[in-house]
Amino acid sequence: LFEKYNIDMGIYEFIGESDDYQYLQDLRPVYIKGEKDYFLTQSDQALSALRLITDTVGISLIATGVMNLETLEELNAKDIHVIQGKATELIELKS
């Protein structure tokens, strides 16, 4: 039905307990939302594997629960640039 009606889907509350992200190539969600702690606690190797798949098929990674600018900077260092949380309000107030 998704293909028939050209409906895009996203994955919310991504846990990623496996190192094999092949299923993401089959599902091809538009985005994956994961709690900020998930992204911050992953090794560089694990994030690289996830990035390889997501970048290849155009999946956006979104970190949720980002409450301060320090966490935002930590996520940026891990190449996670799309966020959801109170920190977005802080950024808007600075603009």
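The values are calculated or read from the model by the stated rules, or taken from the named source; none is laboratory data. Not measured: the values here are computed from a predicted model. Neighbour counts are summed over all protein chains in view; Cβ atoms, including those assigned to glycine, are modelled from backbone coordinates with ideal geometry. Note: areas computed on protein heavy atoms with side chains; ligands, DNA, RNA excluded. Shrake-Rupley method; radii C 1.70, N 1.55, O 1.52, S 1.80 Å.
Do you know which residues across segment 20-71 are β-branched (V, I, T), open to solvent by 40 Å² or more (accessible area, probe 1.4 Å) and modelled with pLDDT of 90 or more? Residues satisfying the conditions are V30, T41. Residues in segment 22-63 that are in contact with an Asp or Glu (Cβ under 8 Å, 6 or more places away or on another chain) and small (G, A, S): G34, A46, A49, A63. Candidates are the residues of segment 37-91 that are of a type in the set (S, T, N, Q) and assigned to a helix (DSSP H, G or I); the one that is nearest to G10 (Cα to Cα) is T54.
Pairing each residue of segment 63-87 that is closer than 13 Å to Y38 by Cα with any residue that is in a strand (DSSP E or B) and open to solvent by 60 Å² or more (accessible area, probe 1.4 Å), provided the two are 6+ apart or on different chains, yields C-beta distances under 6 Å for T64/E35; T64/Q84; G65/E35.
Considering only segment 44-67, how many residues are among the charged types (D, E, K, R), within 14 Å of V82 (Cα to Cα) and out of contact with any Leu (no Cβ under 9 Å at 6 or more places or on another chain)? Let's see the steps before the verdict.
In the first step, residues of segment 44-67 are kept if they are among the charged types (D, E, K, R); the result is 44, 51, 55.
In the following step, the residues that additionally are within 14 Å of V82 (Cα to Cα) were identified as 51, 55.
After this cut, where a residue has to be out of contact with any Leu (no Cβ under 9 Å at 6 or more places or on another chain) as well, the list is 55.
Of the residues in segment 44-67, 1 are among the charged types (D, E, K, R), within 14 Å of V82 (Cα to Cα) and out of contact with any Leu (no Cβ under 9 Å at 6 or more places or on another chain).
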